[in-house]
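Peer 1: One structure, as structure tokens, below. Some questions next.
The values are calculated or read from the model by the stated rules, or taken from the named source; none is laboratory data. Computed from a predicted model, the values in this text were never measured in an experiment. Surface areas here come from the heavy atoms of the whole protein model, side chains and all, with no ligands, DNA or RNA. Shrake-Rupley method; radii C 1.70, N 1.55, O 1.52, S 1.80 Å.
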Amino acid sequence: MKKWQDPVFIPPEERAPLLLPDGAFKLLFIGNSITCHGISERYHWYGEYGMAASCRERDYVSLTGKWVETQLFPRPVVICRGNVNKLLALENGSSDPMKTLGNVIPEPDLIILQTGEHEGPEQTAEIIRKNYCEKLLEPLLAIRSRPAIAAVGLWCPVDNGVYPVWAERIDDIYREECAARDIPFGSVRHLAEDPACRGYGDFPEVRWHPDDSGMRGYAETVISLITAGDLLNRKRNCR
């Protein structure tokens, strides 16, 4: 198994459009299996949430969403998960990323972008930068509702081993491009280096992912970005 790749990804089932309460704050997480993985009987994975949390309530999306709800109460918060691979699969960037993502939340107020695991040591810096900017950042920044955006780096677990130069390079590129667009960015390298942040599940393909401890770390990272950027009160990122 190539540990830099999302090893077993199965898209979750398509959902019907959400019913939105009046005045709801719309929070959209766009990511891969760490954000939401479909059911896989082969790997004994039976939930549709972030692999490898022990339950839906303990993945980073739910933990972050619960925190946002406490900050905005009594304003209702609607949380949705989108599959980043739908955007990455396009040869060029999508002119309408919300349509490309499918039945997800309309006109989000805040987007959390979790990605990077599709890249690897064979990719040039030019290709990594092109994929990130043209397929993800630019289309998301062009959404008509002008949502705020925060991003986290790739997950590359090394369990106290030597962190790969190529993985650090991907984070550096993501950090540079986010900074150029005033998008708060956070690395999860400190979590990937900690063996206590993964290991849940019956198969290596599942244990590769962050466990409950890793998911808490993801949520803490995202919450720190939201707080530092005042993203619950800022509708759009500056260009």
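Peer 1: Given the -39500 (n - 2.57) contribution per DSSP H run of 4+ residues, what per-residue ellipticity at 222 nm results for the chain, rounded to the nearest 500 deg cm²/dmol?
Peer 2: -8500 deg cm²/dmol
Peer 1: With a/c under 1.5 counting as rounded, go ahead and sort the stretch 35-95 into rounded, prolate or oblate using the C-alpha gyration tensor (a ≥ b ≥ c being the square roots of the eigenvalues; past the cut-off, prolate if a/b is larger than b/c, else oblate).
Peer 2: Judged from the Cα gyration tensor, the stretch 35-95 comes out oblate (a/c at least 1.5, b/c at or above a/b).
Peer 1: Between rounded, prolate and oblate, where does the stretch 97-141 land on the alpha carbon gyration tensor, with a ≥ b ≥ c its root eigenvalues, rounded for a/c under 1.5, else prolate if a/b exceeds b/c?
Peer 2: prolate
Peer 1: Next question. Keeping all protein chains in the complex and leaving out DNA, RNA and ligands, what accessible area do you get for residue 209 with a 1.4 Å probe, in Å² to the nearest 10?
Peer 2: Approximately 0 Å² for this residue.
Peer 1: With every protein chain left in place and a probe of 1.4 Å, what is the accessible surface of residue 130, to the nearest 10 Å²?
Peer 2: Accessible surface of residue 130 is approximately 100 Å².
Peer 1: Mind checking the per residue accessible area of the stretch 80-119 for me, 1.4 Å probe, whole number of Å²?
Peer 2: Value returned for the stretch 80-119: 37 Å² of accessible area per residue.
Peer 1: Excluding residues fewer than 8 places away in the same chain, name every one of the aspartates and glutamates whose C-alpha is closer than 17 Å to that of residue 26.
Peer 2: 69, 107, 109, 230
Peer 1: Where a ≥ b ≥ c are the square roots of the eigenvalues of the C-alpha gyration tensor, would you call the stretch 7-163 rounded, which needs a/c under 1.5, or, failing that, prolate if a/b is larger than b/c, or oblate? Intermediate values should be presented prior to the final figure.
Peer 2: Values: a/c = 1.60, a/b = 1.17, b/c = 1.37.
Oblate, since a/c reaches 1.5 and b/c is not below a/b.
Peer 1: When only C-alpha pairs under 8 Å and at least 6 residues apart count, what is the relative contact order of the chain, in percent?
Peer 2: Here the relative contact order equals 24 percent.
Peer 1: Leaving out ligands, DNA and RNA, what percent of the accessible area of the chain is carbon and sulfur, probe 1.4 Å?
Peer 2: Details: 5530 of 10830 Å².
That share works out to 51 percent.
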